[in-house]
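As structure tokens, the structure follows; a few thoughts come after it.
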Amino acid sequence: MKGPLKQIFEPFEKDLGNFDSHFNEIMRSDVRLVDQVAKYIVKHKGKQFRPALVIVAASTLADAGPRTYTIAAVVELLHTASLVHDDVLDASELRRGVRTIHKIWKNKVAILMGDYLLAKSLIAATETGSLEVMNTVATVAKRLIKGAIFEVQKARKLDISIEDYFKMIGDKTASLISACCELGALSVGANPDQQEALRAFGENLGLAFQIKDDLLDYESSSGILGKPAMADLEDKKITLPLIYAFQAAPEKEQKQIFKLVKNGKARKNLNTILGFVKQYGGLEKAQQTAEDLKQKAIDSLALLPSTPARQSLEDLAEFVVKRSK
């Protein structure tokens, strides 16, 4: 991790090291091809934001331990499985700056590897001996798949409402972040109120996180990020800034912009679309929605003990809505 995230998670560096050892052990396989792909995944793993969230959530109530590390590995396996499958669905060539699994080993291996990681995640969940943990993991797996299918359905017709948008990002993004916090609580024997507080924190944090990602997709077109400008629109994904702009704009202008997206002309008309979203307050309103959700997340922590770990969660919520990448 680098920058603000590293500072937030620095007090838990030892726990993250213990998780790393646990995760690397779980990823080993006696099947040569599986082990080869697994080593590639471990070598190029990302910020490990979600396992860190499990550990910090647990630490708001008690010291993290082996059960916490196992559960952190469960969510990282599940998250990695979803990324491998997403890269196949989106035909992505790069992930974190390196070639994706399907670009190296082709789609068949990538799909099977994603399935393998999902199975490993569910098996690791059974090692906790907790039906509640197993149910939470199975439920989030279902939500992730449901969200992906719903996104494909909406991309075909581009008939997405605000309600649809929140349903989709709730399943695709917030579900796993929420589960990380809830599972962290379960790993240290939280009571139902504490468990619910951390679940609610994660759900609202996840929604704010995705809205900010969608905002950054627009802001990248102004040179803020080194990523393709408005990449979501190229994939015909209508997100909250544009939905809010559609609500405020005259019908004639709505139809003009909608037609550009539907006909695959977003790339050639980036300035027009960005100007439309800015003119009708889409960016500002989406940012305010992310800020409101951030505050709801922080407020949900009020019944937890005042600890350094709780402060880390609050700092994380602030970072999520203020980040520039």
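Every read-out reported here was derived from the displayed coordinates using simple, explicitly stated rules and does not represent laboratory data. Remember, predicted model here, so these are calculated numbers, not experimental data. Here the Cβ is made from the backbone with ideal geometry for all residues, glycine too, and neighbour counts use every protein chain on show.
Structure values in brief
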{"read-out": "Top of Asp20, Asp217, Asp35 by mean-square fluctuation, Gaussian network on the chain, Cα under 10 Å", "value": "Asp35"}
{"read-out": "Approximate spin-label separation Asp159-Glu10, in nm, with each point projected 7 Å along Cα-to-Cβ", "value": "5.3 nm"}
{"read-out": "Stokes-Einstein diffusion coefficient of the chain, Kirkwood radius over Cα pairs, 4 °C, 1.567 mPa s, in µm²/s", "value": "63 µm²/s"}
{"read-out": "Theoretical gain in end-to-end length, Lys45 to Leu131 [0.36 nm per residue, Cα-Cα removed]", "value": "28.1 nm"}
{"read-out": "Rg over Rh, two decimals, region 135-263 (C-alpha only, Kirkwood Rh)", "value": "1.06"}
{"read-out": "Arg95 long-range amide H proximity, modeled H, under 5 Å", "value": "Thr100"}
{"read-out": "Reach of Lys252 by Cα under 24 Å, taken over lysines that are not fewer than 8 positions away in the same chain", "value": "Lys154, Lys157, Lys236, Lys237, Lys262, Lys265, Lys268, Lys278, Lys285"}
{"read-out": "Long-range HN-HN contacts of Ala62 with modeled amide H, under 5 Å", "value": "none"}
{"read-out": "Mean Cα-pair separation over length for the chain, i.e. relative contact order, pairs under 8 Å, 6 or more apart, %", "value": "19 percent"}
{"read-out": "Anchor Lys14: lysines whose Cα lies under 20 Å away (excluding residues fewer than 8 positions away in-chain)", "value": "Lys2, Lys6, Lys43, Lys45, Lys47"}
{"read-out": "Relative packing of peptides 170-182, 137-149 - highest average C-beta neighbours within 10 Å first", "value": "170-182, 137-149"}
{"read-out": "Relative contact order, percent, region 6-87 [alpha-carbon distance under 8 Å, six or more residues apart]", "value": "36 percent"}
